Amino acid sequence: MHTLINYLTGSNWHLSVKIGSTVMLILTFAGIVFTILMENRNPIKAVAYILLLIFIPIVGLVVYYYLGRDLRKKRRFTLKGSKDEVLFAKYWQSQRAEIEQMQLELRHLVGNKQELSAMLLNTRQSVLTKNNHVKLLINGEEKFPEVLAALKAAKHHIHIEYYMIAADDIGNTVIEILVEKLNQGVQVRFLYDDVGSNNIKKLPRILKENGASVYPFSPLLVDLYLNANYRNHRKIIVIDGNVGFVGGINLDDRYVNNGKHDLYWRDTHLKIEGDAVNLLQLQFLMSYRYCSKEVFPFEAPFFGRSAPLIGTCFTDIVASGPDSEWPMAMECILMAINVAKRRIRITNPYFIPTEQLLTALQMAALAGKDVQLLLPFKSDSFIVQHAALSYMKPLLAAGVKVFFYTRGFIHAKTMVIDDNLAWVSSVNFDNRSFFLNCEIGALVYDKETAARLDRAFDEDLLYSLPLQETRWNKRNLAKRFMDSVCRLLTPLL
């Protein structure tokens with residue numbers, strides 16, 4: 001100690017500490033840059049993180065630590081993915097012969113659109129189902145009466161997996177019905193995202209006190225170090241193994257346009273009855289096992305065949321997440337665009353496409369296909385709004401027709417391909433939905449469903465403004481500069 005004191009008082013130790021700190025900081029940032037490069041991630045995203053570290057070092061370090069690290073192939077998500085693959089293989093093998101026959105029928109019915117189902121089958125992401133009845137639900141006004149009626153009719157179990165549930169009129173009504181059903185002996189399993197459901201308040205406690213199994217997905221305080229960046233954006237309800245709901249509408253009052261809210265909220269959901277409910281149930285089971293470390297039986301009444309056969313609507317359920325080997329939601333959208341013959345109609349609230357999707361849309365339009373894109377006139381995110389606008393010029397130049405919805409905020413995530421393929425999902429057109437979040441959607445190979453979604457699109461166009469290429473190219477420099485700056489930030493969103 002005496003020697004150390006003599007050294008400090010007799011030397012320029014301030015300079016030594018400064019040099020040592022600088023060296024350590026440089027080594028730390030060099031290590032982070034090396035890690036980013038070795039992850040072989042998207043080059044644009046890698047460059048964005050490196051530039052952030054260079055120009056705003058401390059902020060860049062924090063952003064990369066919590067949002068940038070690619071942990072999808074590590075730790076819990078790797079384990080989840082491997083277990084899910086085994087479970088899905090079991091389900092596939094149980095119906096293999098019938099699935100192969102249905103693939104042939106689907107090819108005869110919709111031609112090369114069957115390739116989407118083949119891709120999902122070959123990657124073990126979905127199995128085609130046929131015996132389904134699908135009902136399109138527009139806005140909360142159509143969804144919530146159907147959901148509440150189905151919940152009240154439950155006899156054995158209710159499974160709910162949602163990104164957002166709020167302690168408002170809708171949320172409280174759902175919880176009241178669930179409590180009533182618990183008292184009748186119905187099993188209730190309830191999953192919610194810990195970030196999305198930031199207004200859930202005491203609803204989980206009420207359910208737990210009445211016997212429900214309730215778990216948050218990746219609790220923020222627990223998982224901040226590991227995977228706070230990976231959220232469960234799905235909206236799934238399964239009742240008694242034979243009724244299911246999936247789409248973009250959360251359990252929140254804002255989705256009901258009853259005059260209580262200033263903003264009109266436009267969204268789309270599906271009610272499914274039939275064999276496709278097994279696939280929703282399977283996805284819920286895998287999420288439930290991940291959150292609770294528990295399972296429920298892979299047998300009736302949780303899984304089974306629809307009886308009587310209530311429809312012949314071919315349907316695939318597409319799920320993706322941080323545990324997925326492939327960004328399947330993005331790849332399904334990409335393939336759907338590529339197999340279109342005449343027309344592509346896309347509605348999405350957050351449009352920050354990957355280069356593959358941007359090129360696919362341009363190529364489709366250049367090939368003479370009618371490509372229509374419906375976006376919100378005003379987004380709920382400043383950065384996303386301006387970033388999306390930066391993609392308009394190349395789309396318009398290729399002949400893509402762009403419309404801005406002005407009645408309110410359009411939150412629907414849908415797609416109609418020609419007259420026989422419909423897509424309703426929770427999936428946004430951005431990196432977060434494609435690579436980070438748990439997402440889910442339904443591919444419906446059915447003319448009637450596609451026609452209903454087409455009619456909804458036509459009605460939305462009545463409240464939309466077309467984007468004119470000549471006027472768009474005359475926007476002032478300040479606006480175009482802001483669009484470009486926000487676009488640079490999109491890899492970090």
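The values are calculated or read from the model by the stated rules, or taken from the named source; none is laboratory data. Bear in mind that the values here come from a model prediction, so they are computed numbers and not experimental data. Here the Cβ positions follow ideal geometry from the backbone for every residue, glycine too, while neighbour counts run over all protein chains shown. Ligands, DNA and RNA are excluded from the accessible area calculation, which covers all protein heavy atoms including side chains. Shrake-Rupley method; radii C 1.70, N 1.55, O 1.52, S 1.80 Å.
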Worksheet item: Do you know which residues across the stretch 377-390 are touching a residue at least 60 places away in the same chain (Cβ under 8 Å) and in contact with a Phe, Trp or Tyr (Cβ under 7 Å, 6 or more places away or on another chain)?
Response: F377, V384
Discussion item. I'd like to verify a number: residues in the stretch 430-444 that are over 9 Å from the mean Cα position of the chain (by Cα) and open to solvent by less than 10 Å² (accessible area, probe 1.4 Å), how many?
Written reply: 3
Worksheet item: Do we find a residue being within 25 Å of V214 (Cβ to Cβ), at pLDDT below 95, part of a loop (DSSP other than H, G, I, E, B) and open to solvent by less than 10 Å² (accessible area, probe 1.4 Å) anywhere in the stretch 323-343?
Response: no
Item to complete: Kindly indicate the residue of the stretch 255-265 that is touching a residue at least 24 places away in the same chain (Cβ under 8 Å) and open to solvent by 10 Å² or more (accessible area, probe 1.4 Å) and also nearest to N172 (Cα to Cα) among those meeting that condition.
Response: V256
Discussion item. Please determine whether any residue of the stretch 171-184 is of a type in the set (A, V, I, L, M, F, W, C) and touching an Asp or Glu at 6+ places or on another chain (Cβ under 7 Å).
Written reply: no
Worksheet item: Which one is most open to solvent (accessible area, probe 1.4 Å) among residues in the stretch 113-140 that are among the polar types (S, T, N, Q) and farther than 21 Å from L270 by Cβ?
Response: N122
Worksheet item: In the stretch 162-199, what count of residues is obtained for those that are under 23 Å from S425 (Cβ atoms), outside any strand (DSSP E or B) and out of contact with any Pro (no Cβ under 8 Å at 6 or more places or on another chain)?
Response: 9
Worksheet entry | Which listed residue is more than 19 Å from S425 (Cβ to Cβ) and of a type in the set (V, I, T), from I99, I138 | I99
Worksheet entry | All positions within the stretch 276-295 that are under 28 Å from V444 (Cα atoms) and either part of a loop (DSSP other than H, G, I, E, B) or of a type in the set (S, T, N, Q) (or both) | N278, Q281, Q283, S287
Worksheet, complete the sentence: Conditions (1) in a helix (DSSP H, G or I); (2) touching a residue at least 40 places away in the same chain (Cβ under 8 Å) -> E439 fails only (1)
Discussion item. Y230 - would you say it is touching a helix residue (DSSP H, G or I) at 6+ places or on another chain (Cβ under 6 Å), hydroxyl-bearing (S, T, Y) and within 27 Å of L182 (Cβ to Cβ)?
Written reply: no
Fill in: Residue that is surrounded by the fewest Cβ atoms within 10 Å (Cβ to Cβ), among those in the stretch 372-418 that are at pLDDT 95 or above and among the β-branched types (V, I, T)
T406
Practice prompt. Could you check, for the stretch 411-431, whether at least one of its residues is within 22 Å of D262 (Cβ to Cβ) and part of a loop (DSSP other than H, G, I, E, B)?
Written response: yes
Worksheet entry | Residue in the stretch 476-485 that is more than 23 Å from I333 (Cα to Cα), touching a residue at least 40 places away in the same chain (Cβ under 8 Å), hydrophobic (A, V, I, L, M, F, W, C) and assigned to a helix (DSSP H, G or I) present | yes
Worksheet item: Among (1) in a helix (DSSP H, G or I); (2) open to solvent by less than 10 Å² (accessible area, probe 1.4 Å), where does V246 come up short?
Response: (1)
Fill in: Residue, least open to solvent (accessible area, probe 1.4 Å), within the stretch 449-475, restricted to residues that are free of Cβ contacts under 8 Å to residues at least 24 places away in the same chain and over 23 Å from L396 (Cβ atoms)
E459
Discussion item. Against the condition assigned to a loop (DSSP other than H, G, I, E, B), in contact (Cβ under 8 Å) with a residue 60 or more places away in the chain, of a type in the set (A, V, I, L, M) and surrounded by 18 or more Cβ atoms within 10 Å (Cβ to Cβ), how does A154 come out, does it pass?
Written reply: yes
Worksheet item: Are there any pairs, at least 6 apart or on different chains, whose C-beta atoms fall under 9 Å, with the first in the stretch 169-181 and in contact (Cβ under 8 Å) with a residue 60 or more places away in the chain and the second of a type in the set (F, W, Y) and in a helix (DSSP H, G or I), and if so, which?
Response: I170/F144; I170/Y255; V174/F144
